[in-house]
Amino acid sequence: MVNTYRKYVGRSLHRCEDEHFLRGEGTYVANMESHDAICMAVVRATIAHGRILGIDSSFARTMPGVIDVVTGSEIVANTGRFVPVVQLGASVTAPGLPIAADESVQYVGQVVAAVFATSQRAAIDAVNEVIVDYDSLPVISDIQTARSGEYLIHPELGSNIGLRWHGGANYEATTRSARKVRRTFKMPRLIASPMEPRACVASYDEEGESFELICSAQDPHRPKAQLAELLGVSEEKVRVIVPDVGGAFGAKGSIATEYAIAAYCARRLGQRIRWIEERGENMTGGYQGRGMEITVEIAVMDDGRFVGLKSLVEADLGAYVYPLTTGVPISAAVLMTGNYVFQSAEADVIGYHTNAVPTGPYRGAGRPEAGFCIERIVDAAAADLGFDPVELRRINLVHSSEMPYTTPLGVVFDSGNYSQVLEMTSASLNATYTKVRSHLSPGMLVGKGLSLYIERAAPGFWERGSVEIDPDGLVSASSGSSSHGQGHAISFAQIIADQLGVSPELVQLREGDSADGDGVGTFGSRSMTLGGEALNLASIEVRRMAVDRASKYFEVEPEEIVYELGRMYVTGSPSRDIDIFSVAAVARDAGEPLVSEIRSRIEVPVISFGGYGVVVSVDPDTGEARVQAVVAVDDAGTLINPMLAEGQVLGAAMQGIGQALYEEAIYDEDGQLLTGSFLDYLIPSSSEAGYSFEGTFLETPTPYTSLGAKGIGEAGTIALPPAVVAAVGDAIGVVDSLVPDMPLTPEKVWRALAIRKSHS
């Protein structure tokens, strides 16, 4: 018999690691001791497209401290390329990214050569003296130019298309009698901008013929597999260690090409190699997010019922692709129906090559693109057909009685009450709007916008977790997930503590080392759903083992043992008891330690959902839009730690606002990045975070796991952009087709106001 109490799950316990970080005691790659390492800096392409006629490193090699200069052609000759992941039967002809340039360069920032020196300063100084002679070629700087086919980046493809996918059916057949509304939305490229750029220390053990890579990454497992593939060795010959990480937001899911270069050259030079990326390099050379143009058509009956949806997602892949580059636009297409019921849906995806750094996952990875398009097309349909936007949503929502619900594009909604979320969000937004209007200065324009979202969470289908009871009084846990800001140390401890009836302070968590065991990693809001579930199941199994061992100790049947708050006793005889750590000592002496390693599994991702409302002000003289208030209703299933969930919501909200109002990676016609520093690439700061925030959590546990947790990490990046854009449109009083493309900079908003005034 087990008496379990939810004592810790659901409580806002403080993160274990906060004091550690606040005291400056974090262990990041850049501040790890590596006195025996030599330093690497890389020579990057300064043009977007051209043949390499020659590389002169003769002077650089004579500079003080310089050890060697290795050209891209040598690196390419001895390493492989990234291999794109093919999803849902897509046609992927896009070439994988080589880890350096060989005979030609295809984007500004591509690695052309690597310099090795005794210090970072010496390596950087030598990079500036490596002379690369180029023969410039025509540049494809955007989707429109790529679509024209006037120039080809990869002539062997016969076009600039590297990806095609089609999904769904029956749109035309089911929508003949419906009214149709069509819009095209542009999603500019975004730069993830983590606080810590990429960094690594690579070494090679000649005796064991094995590599060790210490790096800033989202997890050790994907880097391990990718590095092994790029270097042509088995995964058993690669160990990856991920220490503290200063943010990732999807941009550290695939390893940097520079990590592979460092590892290759560690073997070639017989030296431990350290590479620390500078901010400008990160903005130019790290893969970027979004970068799509999406055309959506929605078919609506006169009574407001949606009958069909058709979309075309045109994606900027960049010059080459990383493993997950092609998956992001497909994810956007698959999720395009949002929270709503459709009889039919069809989607096409076309990925184009441009002379720019490849795109890849950025917080949300397809979900924000889909969420923006469906919510904005619903607003457009409401305006065109004369419906209130909230009422049109109300008519078409998937209802809880229909769960599990499968969309026409194959997405399964596991659980939830979408109608409740809509009503709560709408009511809260209306009250907040009234309050904000009463406090703003006269003359300011005020608007409100609302959006709903779904967040497909927990891709990857499994995760590893292990739990062991130490006779010395601790619980040792290991997870295939890795924290880079998510607070696993306390949230995972809360799960384990509840199952074992011990204090979370006794749980010690190990993450981030591929030598501890396999795993999938942290991305796509999967850690609680799958990582937490694995530890939950492992804890339950360890508890069962402890009861079994205690029954032998007391010479009774396991059914006669009562397990309660970390102690076991015989039914009816509470004085005949033993605690779990003493049982662990007995088990260890018998050669049967209390340890369990389990893989959690789900067949399909889970669906989190919610609604967000925004109130904005617009200065009519300058066009500056500012968010004044945000209201949010989120349902992420069982909440392990509400405070951590709130932190995820607040952070994602800021990034969603950033996409809507400030952020855009701008390239000129020559393929030069014009926003290569924070002077030009604007991200929200504390001065933009002065809005009020009112958040509410609902809990609809997913039926797919024993824990019931879903994901919450990307809600704000999905829901805020369409809500902010709708609010700005409402404030300046323009029809949706005249609302500018994101980001809604002051200039764009001012021009839209001028157009409205001229029309009136």
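I want the local charge near Gly351. Using Cβ-Cβ distances under 15 Å, sum +1 for each Lys or Arg and -1 for each Asp or Glu among the other residues.
Values: positive: Arg147, Arg164, Arg189, Arg290; negative: Asp142, Glu293, Glu314, Asp316, Asp348, Glu369.
Taking every other residue near Gly351 into account, the sum is -2.
Please state the shape class of segment 164-216: rounded when a/c is under 1.5, otherwise prolate if a/b exceeds b/c and oblate if not, all from the C-alpha gyration tensor.
On the way: a/c = 7.98, a/b = 2.61, b/c = 3.05.
Taking the square roots of the gyration eigenvalues as a ≥ b ≥ c, segment 164-216 is oblate.
Per DSSP H run of at least 4 residues, take -39500 (n - 2.57); add these up for the chain, divide by its residues and hand me the 222 nm value, nearest 500 deg cm²/dmol.
Working: 19 runs with 219 residues, N = 760.
My calculation for the chain gives -9000 deg cm²/dmol from helical runs alone.
Can you tell which of Val520, Pro188, Ile712 lies farthest toward the positive end of the dipole of the chain, using +1 and -1 charges on the Cβ of basic and acidic side chains (Lys, Arg; Asp, Glu)?
Most positive-ward Cα: Pro188.
For Gln659, what charge total do you get from the other residues with a beta carbon under 15 Å from its beta carbon, if Lys and Arg give +1 and Asp and Glu give -1?
Details: positive: Lys186, Arg189, Arg290, Arg363, Arg367, Arg376, Lys748; negative: Glu369, Glu375, Glu663, Glu664, Glu688, Glu714, Asp741.
Surrounding charge for Gln659 is 0.
If you add up the charges near Ala60, with Lys and Arg at +1 and Asp and Glu at -1, over every other residue whose beta carbon is less than 12 angstrom from its beta carbon, what do you get?
On the way: positive: Arg61; negative: Asp56, Asp68, Asp125, Glu129.
Counting the neighbours of Ala60, the net charge comes to -3.
With an 8 Å cut-off on Cα pairs and a minimum separation of 6 or more residues, tell me the relative contact order of segment 1-144 in percent.
It rounds to 37 percent for segment 1-144.
Explain nothing, just compute: Karplus ³J(HN,Hα) = 6.51 cos²θ - 1.76 cosθ + 1.60, θ = phi - 60°, for every residue of segment 15-22 in order, whole Hz, x for Gly and Pro.
Residue by residue, segment 15-22 yields 5, 5, 8, 4, 4, 4, 6, 5 Hz.
What ranking do Leu530, Leu230, Leu661, Leu440 get, fewest neighbouring Cβ atoms within 10 angstrom at the top?
Details: Leu530 35, Leu230 23, Leu661 27, Leu440 13.
Fewest to most other Cβ atoms nearby, the residues stand as Leu440, Leu230, Leu661, Leu530.
Report, in cubic angstrom per residue, the convex hull volume of the C-alpha atoms of segment 289-354. Please list the in-between numbers first.
Working: hull volume 5.2 nm³, N = 66.
Normalising the Cα hull of segment 289-354 by residue number yields 79 Å³.
Only four residue types carry charge here, +1 at the Cβ of Lys and Arg and -1 at the Cβ of Asp and Glu. Report the dipole size of segment 564-618 about the Cα centre in Debye, rounded to the nearest 20. Mind dumping the intermediate values first?
Details: 5 positive and 7 negative charges, 28 e Å.
For this selection, approximately 140 debye.
Give the distance, in whole Å, between the Cα centre of segment 205-246 and the Cα centre of segment 734-760.
Segment 205-246 and segment 734-760 have Cα centres separated by 50 Å.
Got a sec? Charge dipole of segment 493-638, +1 on Cβ for Lys and Arg, -1 for Asp and Glu; which of Val630, Val502, Pro620 is way out at the positive end?
The Cα lying farthest towards the positive end belongs to Val502.
Quick check: Cα centre of segment 13-38 to Cα centre of segment 273-314, how many Å?
34
State, as an integer percentage, the relative contact order of the chain based on alpha-carbon contacts under 8 Å between residues 6 or more apart. The partial results should precede the final answer.
Values: 1933 pairs, mean separation 119.1, N = 760.
Dividing the mean separation by the residue count of the chain yields 16 percent.
Just how large is the dipole of the chain about the Cα centre, in debye to the nearest 20, putting +1 at every Lys and Arg Cβ and -1 at every Asp and Glu Cβ? Could you put the intermediate results ahead of the total?
Details: 60 positive and 96 negative charges, 334 e Å.
Its charge dipole is roughly 1600 debye.
For the chain, just give the cysteines left without a disulfide-compatible partner, judged by no other Cys Cβ under 4.7 Å.
Cys16, Cys39, Cys265, Cys373, each lacking another Cys Cβ under 4.7 Å.
Rank these for me by crowding, Phe82, Phe21, going from fewest to most other beta carbons within 10 Å.
Values: Phe82 24, Phe21 13.
Least to most surrounded, the residues fall as Phe21, Phe82.
Relative contact order of segment 331-476: what whole-number percent is it, with Cα pairs under 8 angstrom and at least 6 residues apart? Kindly include the intermediate steps, with their values, before the conclusion.
Numbers: 120 pairs, mean separation 37.1, N = 146.
Over segment 331-476, the number comes to 25 percent.
Taking the Cα centre of segment 525-590 as origin, work out the dipole magnitude from +1 charges on Lys and Arg Cβ and -1 charges on Asp and Glu Cβ, in debye rounded to 20. It would help to have the intermediate numbers written out before the result.
Values: 8 positive and 11 negative charges, 54 e Å.
Dipole magnitude for segment 525-590 comes out near 260 debye.
Which links in Lys448/Lys757; Lys252/Lys710; Lys435/Lys748; Lys180/Lys710 stretch past 25 Å when you go from one Cα to the other?
On the way: Lys448/Lys757 21 Å; Lys252/Lys710 22 Å; Lys435/Lys748 27 Å; Lys180/Lys710 35 Å.
Cα-Cα > 25 Å for Lys435/Lys748; Lys180/Lys710; rest within.
On a C-alpha basis, how far is the centre of segment 582-623 from the centre of segment 624-659 in Å? Whole number, if you could?
16
Please say if segment 597-691 is rounded, prolate or oblate, where rounded means a/c under 1.5 for a ≥ b ≥ c the square roots of the C-alpha gyration tensor eigenvalues, and otherwise the choice is prolate for a/b larger than b/c and oblate otherwise?
Details: a/c = 2.69, a/b = 1.50, b/c = 1.79.
Cα axes put segment 597-691 in the oblate bin.
For Gln271, list long-range residues whose amide hydrogen, built 1.01 Å from N in the peptide plane, is under 5 Å from its own amide hydrogen.
The list, which skips near neighbours in sequence, is empty: none.
Can you find, among Thr700, Leu673, Pro722, the residue sitting farthest towards the positive end of the charge dipole of segment 640-723, where Lys and Arg contribute +1 and Asp and Glu -1 at Cβ?
Thr700
Assuming a ≥ b ≥ c are the square roots of the Cα gyration tensor eigenvalues, decide whether segment 190-289 counts as rounded (a/c under 1.5), prolate (otherwise, with a/b larger than b/c) or oblate. Kindly include the intermediate steps, with their values, before the conclusion.
Working: a/c = 2.13, a/b = 1.76, b/c = 1.21.
Prolate shape, in that a/c is at least 1.5 and a/b is the bigger ratio.
Would you kindly derive the ³J(HN,Hα) couplings of segment 265-274 from the backbone phi angles with the Karplus curve 6.51 cos²θ - 1.76 cosθ + 1.60 (θ = phi - 60°), listing them in order in whole Hz, with x for Gly and Pro?
6, 4, 5, 5, 9, x, 10, 6, 10, 10
What list of ³J(HN,Hα) couplings, whole Hz, do you get for segment 340-345 from phi and the Karplus terms 6.51, -1.76, 1.60, once you set θ to phi - 60° and write x for glycine and proline?
Calculated HN-Hα couplings, in order: 10, 8, 10, 6, 8, 7 Hz.
Hey, fewest Cβ within 10 Å first, where do Met654, Met643 land in order? Kindly include the intermediate steps, with their values, before the conclusion.
Numbers: Met654 21, Met643 15.
Exposure proxy ranking, most exposed first: Met643, Met654.
Long-range amide H contacts for Gly50: which residues qualify at under 5 Å (H placed 1.01 Å from N, peptide plane, sequence gap of 5 or more or a different chain)?
Val105, Leu137
Calculated from the structure, percent of Cα pairs over 52 Å apart equals which of (1) 15; (2) 19; (3) 12?
(1)
The numbers here are math on the coordinates, done by the rules we state, and not lab data. Just so we're clear, the structure is a prediction, and the values are computed from it rather than from any experiment. FYI the Cβ positions are ideal-geometry reconstructions off the backbone, even for glycines, and counts take in every protein chain you see.
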